[in-house]
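Peer 1: What follows is a structure written as structure tokens; I'll ask about it next.
Every number here is computed from the coordinates shown, using simple stated rules; none is lab data. Model, not experiment: these values are computed from the prediction. Ideal geometry is used to build each Cβ from the backbone, glycine not excepted, and the neighbour counts take in all protein chains shown.
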Amino acid sequence: PEAITVQELANRMAEKGADLVKALFKMGSMATINTTIDQDTAELLVTEFGHNIKRVSDSDVEIGLEGEADNDTDLMPRPPVVTIMGHVDHGKTSLLDALRGTDVVSGEAGGITQHIGAYQVKVATGDIVTFLDTPGHEAFTEMRGRGANVTDIVVLVVAGDDGLKPQSIEAISHTKAAGVPMIVAINKSDKPGSKPQKVREELLQHEVVVEDMGGDVQDVEVSALKKTNLDKLLDAILLQAELLELKANPNRPGEGTVIEAKLDKGRGPVATVLVSRGTVRVGDIFVVGAEWGKVRALVDDRGVQVKEAGPSKPVEVLGLSGTPMAGDVFAVVENEARAREIAAYRASVLQRKRTTQAPANLETMFSALK
Ligand code: GTP
Ligand code: MG
């Protein structure tokens, strides 16, 4: 029961069978797409291709975002998830604050965002938009890259008086790589030195063509400080969201992605989860990364306890066995036994990965795994 053909595995990974055969060849194993491989080899291939490890046998722990597909008729509109990206100090957090009508910046150490915050904003029309703030510091490149994967739309913040900077350009390539549409917020337009036209020309050099220049990327001149044109920016986001026809099934066990996780002195391990589909409820049993738990409380972005959280909603989840990692998949499962089983399995896979140094061929790989 612990075996699978190369082709079947390729299908599950959404990779080409031939590419897996090549990878096996590099590992010193002659195989065709019809060759049956064992569990360990399958896991190595999965890791090799940068996918998350999932058990591929019958007693399978296949859960989470790659779980069963939904019927079209079960899908309901969901709010867009918008990630704010841009160079350090170009005003990402200020813009979010302005949109949210609160003030996070003044509470931050040195005014630099140290974590990914997640907030929801209710627009005058009643529409809801979920925003993710990403750190501007270079050391957080990886997290920012990750942000692009849970996001539907990227808002690139560029300070009009500073223009495109290395991290703006990096954000552009992350966004393109993720295939996510972009909206440009040209910020600090209140400053006398702001040159929005120059920003548009710089964008053009990086193949981001704004509407004024015949392209399809919306750009809005804003000032987070003076709170000007925020409504225009929200309109641009909602227009883009409408084109994407974002939907999810809220009526299934909740699934999502960890945006951040920490060990809180008073509350224990806390994970901020962005729900991707289904609904998470207080009392639900879940697995997240190699941890599991029973939802003791759900806290929304304003610090209010809620009973449940549906698609596109960011919530803090309390009641974890330990602290998961940002990017980990969260999924509600049917019972505690199952939760423990999956968490233990994942922990063992992690442990194995840590103790295994990239071996040269299949023989050494197997001995390293035993
Ligand atoms: P990191 O998180 O460190 O990457 O920075 P950030 O992009 O979140 O920038 P932040 O919002 O912290 O703003 C940086 C500085 O620019 C602060 O001093 C803000 O007051 C200032 N600032 C932000 N938006 C505006 C604006 O529209 N106009 C002016 N004049 N200043 C602004
Ligand atoms: Mg910030």
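Peer 1: Rounded to the nearest whole Å³, what is the per residue volume of the convex hull around the Cα atoms of region 178-297?
Peer 2: Given the Cα convex hull of region 178-297, per-residue volume reads 185 Å³.
Peer 1: Efficiency by 1/(1 + (r/R0)^6): what FRET value for residue 243 and residue 173, r their Cβ-Cβ distance, R0 = 30 Å, to the nearest 0.05?
Peer 2: 0.85
Peer 1: Could I ask something else about it? Take the eigenvalues of the Cα gyration tensor for region 232-351, scale each by 5, and report the square roots as semi-axes in whole Å, largest first.
Peer 2: 27, 16, 14
Peer 1: Could you give each residue of region 203-219 its phi-based ³J(HN,Hα) in whole Hz, using Karplus coefficients 6.51, -1.76, 1.60 with θ = phi - 60°, and x for Gly or Pro?
Peer 2: Computed from phi, the couplings for region 203-219 are 4, 4, 4, 9, 6, 10, 9, 6, 4, 4, 9, x, x, 10, 8, 6, 10 Hz.
Peer 1: Quick check: residue separation of residue 14 and residue 231 times 0.36 nm, minus the Cα distance between them. What number comes out in nm?
Peer 2: 74.1 nm
Peer 1: Could you go through region 33-42 in sequence order and give the Karplus-derived ³J(HN,Hα) for each residue, using 6.51 cos²θ - 1.76 cosθ + 1.60 with θ = phi - 60°, rounded to whole Hz, and x for Gly and Pro?
Peer 2: Per-residue couplings from phi come out as 5, 8, 5, 8, 10, 8, 3, 5, 5, 4 Hz.
Peer 1: Suppose R0 equals 35 Å. What FRET efficiency, 1/(1 + (r/R0)^6) with r the Cβ-Cβ distance, do residue 305 and residue 72 give to the nearest 0.05?
Peer 2: For R0 = 35 Å, the calculated efficiency reads 0.55.
Peer 1: I would also like to ask the following. Please list, in order along region 239-250, the HN-Hα scalar couplings obtained from phi with the Karplus expression 6.51 cos²θ - 1.76 cosθ + 1.60 (θ = phi - 60°), rounded to whole Hz, x for Gly and Pro.
Peer 2: 5, 4, 4, 4, 4, 7, 6, 6, 9, 7, 8, x
Peer 1: Checking the table 122/195; 226/262; 92/176; 26/176; 165/247; 226/247 against a 23 Å threshold on Cα-Cα, which pairs fail?
Peer 2: 122/195; 226/262; 26/176; 165/247; 226/247
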